Amino acid sequence: MASSPPETAQPVLRFAPSPNGRLHLGHALSALTNERLAAQMTGRLLLRIEDIDRERCTPALEQALRDDLAWLGLVFERPVRRQSEHFDDYAVALGDLRRRDLVYPCFCSRQQVRAAVLAEEAASGRRWPVDPDDAPLYPGSCRACGRAEAQRRIAAGEPHVLRLDMARALAAAGGELSYVLIDAAGQASTVAARPGRWGDVVLARKGVPTSYHLAVVTDDALQGVTHVVRGRDLEAATDIHALLQRLLGLPTPRYHFHELLTDETGRKLAKSRQSESLADLRAQGMTAVGIRQMLGFGSAAGSTP
């Protein structure tokens, strides 16, 4: 059964960016929030490079994000964990779930899933359920595929992903799932996790033998992370993480979700929309101290906002 880290353990926090684009002010906010809380708790601060997507994540972008973090004055413990160097760790976790028959191969393309959902909506006259990211839940088309048939299709080289059988996983987890949330005032409360609202999430893809969800819970456990500090856009995903932690017997860290920065249109800053980067601001003459002050931080770790 999953458990919380011991109260007496030295706090361990981590900032975990993906080198698939240049860092922007939202990343700076997250990194500086981790730095400040680590200093306040006399904790350790780790950097983790989340580069499981080897097509979009590049060494040049990794070096660029390291340069941005150094320019901001952030100092992390070494060595830095790079996810692409630890696929074996994720394979062990995935193998555990597979042996317990909690995952299954899915051969549906995104287009096929979309077509199945549209057909069901047309037949029922109702909108198909969506997950917290507003994506249609997987309709379960491959869930009943027999083992022999699945193995035949895999042996034939048919593209597939591995999905978590959410119903079986919830039954295996047993009992209610929850995690401890730390609010902006430092107060702790217990939050019920509802992973069922995500449906049968993908845990591995062809060429990428893990997903963000599986990798992050494995990394946090192996690195002894006690406090996960990240943007509010990842709050709902914590439901999945609490479930995987229970299933894999991993400790559940405490969580804090900071507010998100938005652009002039009200949309959150994002690499995919080419939000103004820290490099852009630096080129315009902005200083690291200026960035810290803009975001409500002093110039040094542990400063009061």
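Annotations
- Selection over segment 154-169 of residues that are crowded, with 18+ Cβ neighbours inside 10 Å and part of a helix (DSSP H, G or I) gives a count of 2.
- Condition met for A173 (aliphatic (A, V, I, L, M) and touching a Lys or Arg at 6+ places or on another chain (Cβ under 7 Å)): yes
- Matching entry among Q245, Q284 (being of a type in the set (S, T, N, Q) and more than 18 Å from L164 (Cβ to Cβ)): Q284
- Residue that is surrounded by fewer than 19 Cβ atoms within 10 Å (Cβ to Cβ), farther than 21 Å from A173 by Cα and modelled with pLDDT of 95 or more, where the choices are G285, G302, G298: G285
- Residues in segment 51-89 that are buried (at least 20 other Cβ atoms within 10 Å of the Cβ) and among the acidic types (D, E): D51, D68.
- Selection count where residues are closer than 20 Å to V12 by Cα and touching a strand residue (DSSP E or B) at 6+ places or on another chain (Cβ under 6 Å), scope segment 197-218: 1
- The combined condition, being out of contact with any Asp or Glu (no Cβ under 8 Å at 6 or more places or on another chain) and more than 16 Å from V208 (Cβ to Cβ), is fulfilled by R100.
- Subset of segment 220-267 (residues that are surrounded by fewer than 16 Cβ atoms within 10 Å (Cβ to Cβ) and of a type in the set (K, R)): R232, R267
- Of all residues in segment 171-196 being among the hydroxyl-bearing types (S, T, Y) and in contact with a helix residue (DSSP H, G or I) (Cβ under 9 Å, 6 or more places away or on another chain), the one that is surrounded by the fewest Cβ atoms within 10 Å (Cβ to Cβ): S178
- Residues within segment 93-133 that are in a helix (DSSP H, G or I), within 16 Å of L203 (Cα to Cα) and free of Cβ contacts under 8 Å to residues at least 40 places away in the same chain, tallied: 3
- Exactly one residue among T42, T58, T33 is out of contact with any helix residue (DSSP H, G or I) (no Cβ under 8 Å at 6 or more places or on another chain) and on the phi > 0 side of the Ramachandran plot, and that residue is T42.
- Filter result for the condition that a residue is surrounded by 15 or more Cβ atoms within 10 Å (Cβ to Cβ), at pLDDT 95 or above, more than 20 Å from V229 (Cα to Cα) and in contact with a His (Cβ under 9 Å, 6 or more places away or on another chain), over P105, P17: P105
- For the residues R99, R36, R81, R66, the requirement of being touching a strand residue (DSSP E or B) at 6+ places or on another chain (Cβ under 7 Å) and at pLDDT 95 or above singles out R81.
- Of all the residues in segment 115-131, those that are surrounded by 14 or more Cβ atoms within 10 Å (Cβ to Cβ) and either modelled with pLDDT of 95 or more or under 28 Å from E235 (Cα atoms) (or both) number 3.
The values are calculated or read from the model by the stated rules, or taken from the named source; none is laboratory data. If you're wondering where the values come from, they're calculated on a predicted model, not measured in any experiment. With ideal geometry, Cβ positions are generated from the backbone for all residues, glycine too; neighbour counts draw on all protein chains shown.
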